[in-house]
Amino acid sequence: MTALRIGIVGYGNLGRGVEIAVSLQEDMELVGVFTRRDPATVSTVHEQTPVRSIDALESMQDEVDVLLLCGGSKTDLPEQTPLLAERFTVVDSFDTHARIPEHFARVDAAARVAGTTALISTGWDPGLFSINRVYGEAILATGCTYTFWGRGLSQGHSDALRRLDGVAAAVQYTIPSQDAIARVRAGEQPALSTREKHTRECFVVLEDGADADAVREEIVTMPHYFEPYDTTVTFLSAEELARDHQGMPHGGFVIRAGESSPGTNQTIEYRLQEDSNPEFTASVLVAYARAAGRLAAAGEHGARTPFDVAPGLLSPKSPEQLRAELL
Ligand SMILES: NC(=O)C1=CN([C@@H]2O[C@H](COP(=O)(O)OP(=O)(O)OC[C@H]3O[C@@H](n4cnc5c(N)ncnc54)[C@H](OP(=O)(O)O)[C@@H]3O)[C@@H](O)[C@H]2O)C=CC1
Ligand SMILES: N[C@@H](C[C@H]1CC(C(=O)O)=NO1)C(=O)O
């Protein structure tokens, strides 16, 4: 069987994770990394991984089956996904939840005209957690659904910080409210506002001459990312960031607490615990790359979300093997 030829667009935490994840797949091969920076300045996990300018994609349409787009959701993917969907089958991890409908529409328009396949918002949230929220609400029609993240490093929120003028480097940790979790687990089915479920802690290295108060204000008022939350901002040196904030663990869980009949309680829970958020997310993207290749081969054109992708398409096993081994 011909290996699925994968291209990585954008080489940061997620791109590095995809490079590793692809190397573990027997049915895939990595064509290379495509970056907006000078390729000579980008060092990869595996020294044999080719690194090219993103411009090289212009002439490589016939050399890549699926592009995995590893740019940031704040500013990269809104531009890159629809543009690259004009010529390639693409998979992204777009995670600005409030903007997913508009992202879907733009990518879908490009992919339909081009006759390509585009899977958007794959990952774990949006992604695996989204799927479990749908399962929960479809199965337990009466009930409440809750999502809690962390304590861990959100890549999307960290990326959003790094895009601000005056910010040289930054990370963001998401902290769930233990009181909110306790109330949910006690079966209260509480109505919880966004602010009551999580707080956000930002650690920011300023560029020389940057105005700390102005940066702080930009952060805490940032729509969708920080404005709906109680957010703290701590400024530190590049040395402190490198010393104290290297790991990228994360995780969380989705709970659907409901009733199948009055007084008969049912609970569905799906939990993730990640030593490395980027490596886990990359593993999800690579599984969806397999699905995207199959959907493209079947002539399924346009944009799709994880809601639209049958689980079996993610597996390297054949439908016959799945029925025999995992059903
Ligand atoms: N759906 C989900 O569950 C999840 C989604 N995500 C998404 O993944 C996105 C990417 O996260 P992450 O990989 O951590 O972001 P990074 O900031 O590490 O990388 C984003 C882009 O920035 C560029 N870049 C990386 N390093 C440098 C550098 N040293 N100097 C200049 N540019 C650089 C790269 O593009 P280039 O090579 O072209 O310069 C890269 O693609 C997040 O924004 C988030 O939206 C993440 C986790 C979970
Ligand atoms: N998209 C998130 C994945 C999860 C984590 C998260 C958060 O901490 O706010 N929201 O969704 C990420 O970029 O890490």
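Working from Cα pairs under 8 Å separated by at least six residues, relative contact order for the stretch 225-303 is 23 percent.
Packing around the peptides 240-250, 317-327, 77-87, 17-27, taken as the average count of other Cβ atoms within 10 Å per residue, puts them in this order, highest first: 77-87, 17-27, 240-250, 317-327. Our Cα-only numbers for the chain put the radius of gyration and Dmax at 20.5, 64 Å. Compute the projected area of the convex hull of the Cα atoms of the stretch 130-274, averaged over all viewing directions, and report it in nm² to one decimal place. The Cα convex hull of the stretch 130-274, projected and averaged over all directions, gives 9.3 nm². P(r) tail for the stretch 1-53: Cα pairs beyond 14 Å make up 46% of the total. Just to verify a number: FRET efficiency for V45 and T75, C-beta to C-beta distance, R0 = 25 Å, to 0.05? Taking R0 as 25 Å, the efficiency between V45 and T75 is 0.50.
Between R271 and S23, the contour length at 0.36 nm per residue exceeds the Cα-Cα span by 86.7 nm. So what is the relative contact order of the stretch 130-274, in percent, for Cα pairs below 8 Å that sit 6 or more residues apart? For the stretch 130-274, the relative contact order is 31 percent.
So for the chain, averaging the separation of alpha carbon pairs under 8 Å that are six or more residues apart and normalising by length, what relative contact order in percent results? RCO, the chain: 21 percent.
For the stretch 130-274, the dipole from Cβ point charges (+1 on Lys and Arg, -1 on Asp and Glu) about the Cα centre works out to 780 debye, to the nearest 20.
For the stretch 73-117, backbone nitrogen atoms closer than 13 Å to the point 7 Å from T221 Cα along Cα-to-C-beta are found at no residue. Neighbours of A109, meaning other residues whose beta-carbon lies under 15 angstrom from its beta-carbon, give a summed charge of 0 when Lys and Arg score +1 and Asp and Glu score -1. When shorter helices are ignored and each DSSP H run of at least 4 residues is given -39500 (n - 2.57), the per-residue value for the chain at 222 nm works out to -10000 deg cm²/dmol. Distance from the C-alpha centroid of the stretch 101-145 to that of the stretch 158-218: 24 Å, rounded to the whole angstrom. Counted residue by residue at 0.36 nm each, then reduced by the alpha carbon distance between them, the extension gain from L83 to S53 reaches 9.2 nm.
Throughout, read-outs are computed from the coordinates displayed, never taken from laboratory work. Everything quoted here is computed from the prediction, not taken from an experiment. Every residue, glycine among them, receives a Cβ derived from its backbone with ideal geometry; neighbour counts consider all protein chains shown.
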